[in-house]
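Working notes, structure below.
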């Protein structure tokens with residue numbers, strides 16, 4: 001696991017950090033070639049979310065508060081080749097095991113109960129929460145945080 005991924009995990013909701021770490025390590029072990037998983041986005045502020053929402057061409061349908069990223073409960077990933085080249089190629093099989101490396105990562109996260117972005121045409125995305133974003137937003141607006149943090153308490 002690379003340093004960028006480690007840093008992004010430290011910003012995720014405390015309830016999922018260990019699981020994400022274990023899943024990234026599992027994905028990296030499954031990818032036996034020169035590709036590894038990199039988290040490119042985790043926690044995103046409401047302001048960052050609104051800026052993405054305002055971009056054209058459109059890159060997200062979610063305003064601030066409507067994305068699981070805003071609560072540290074979602075990640076976006078890419079493949080990092082030889083530790084330096086970013087790949088968004090969803091079909092490439094860098095380890096020649098006849099399964100696209102992207103698909104290997106998706107299967108690992110889905111098997112662990114994560115919702116894949118392929119359900120809504122956002123292939124690099126995974127999210128995990130027992131709550132709907134509307135319920136997360138209510139908790140956020142009520143300042144229902146883990147004591148001493150800005151992470152939703154649940």
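Would you point out the residue of the range 80-108, among those that are touching a helix residue (DSSP H, G or I) at 6+ places or on another chain (Cβ under 6 Å) and crowded, with 18+ Cβ neighbours inside 10 Å, that is farthest from residue 5 (Cα to Cα)?
94
Just a yes or no: is a residue in the range 33-45 more than 15 Å from the chain's Cα centre (by Cα) and either surrounded by fewer than 21 Cβ atoms within 10 Å (Cβ to Cβ) or modelled with pLDDT under 95 (or both)?
Yes: the range 33-45 contains one or more residues that are more than 15 Å from the chain's Cα centre (by Cα) and either surrounded by fewer than 21 Cβ atoms within 10 Å (Cβ to Cβ) or modelled with pLDDT under 95 (or both).
Checking residue 148 against (1) modelled with pLDDT of 95 or more; (2) out of contact with any helix residue (DSSP H, G or I) (no Cβ under 9 Å at 6 or more places or on another chain); (3) over 19 Å from residue 45 (Cα atoms), only one condition comes out false. Which one?
For residue 148, the failing item is (3).
When the range 19-44 is examined, which residues are found to be touching a residue at least 40 places away in the same chain (Cβ under 8 Å) and assigned to a helix (DSSP H, G or I)?
Once the filter is applied, which keeps residues that are touching a residue at least 40 places away in the same chain (Cβ under 8 Å) and assigned to a helix (DSSP H, G or I), the range 19-44 yields 19, 20, 23, 26, 27, 30.
Among the residues of the range 7-25, write down those that are in contact with a helix residue (DSSP H, G or I) (Cβ under 8 Å, 6 or more places away or on another chain) and surrounded by fewer than 17 Cβ atoms within 10 Å (Cβ to Cβ).
From the range 7-25, those in contact with a helix residue (DSSP H, G or I) (Cβ under 8 Å, 6 or more places away or on another chain) are 9-10, 12-13, 17, 20-21, 23-24; that's our starting set.
Passing the criteria: 10, 17, 21.
Give the residues of the range 115-139 that are buried (at least 18 other Cβ atoms within 10 Å of the Cβ) and touching a helix residue (DSSP H, G or I) at 6+ places or on another chain (Cβ under 7 Å), sorted by residue number.
124, 125, 126, 127, 129, 133, 136, listed by residue number.
Looking at the range 61-74, I want the residues that are at pLDDT below 95 and have a partner that is surrounded by fewer than 23 Cβ atoms within 10 Å (Cβ to Cβ) with Cβ atoms under 9 Å, at least 6 apart or on another chain. Which pairs are those?
61/53; 61/120
The values are calculated or read from the model by the stated rules, or taken from the named source; none is laboratory data. It should be emphasised that the depicted structure is a prediction, and the values quoted were computed from it without experimental measurement. Heads up, the Cβs are rebuilt from the backbone with ideal geometry, glycines too, and the neighbour counts pull from every protein chain shown.
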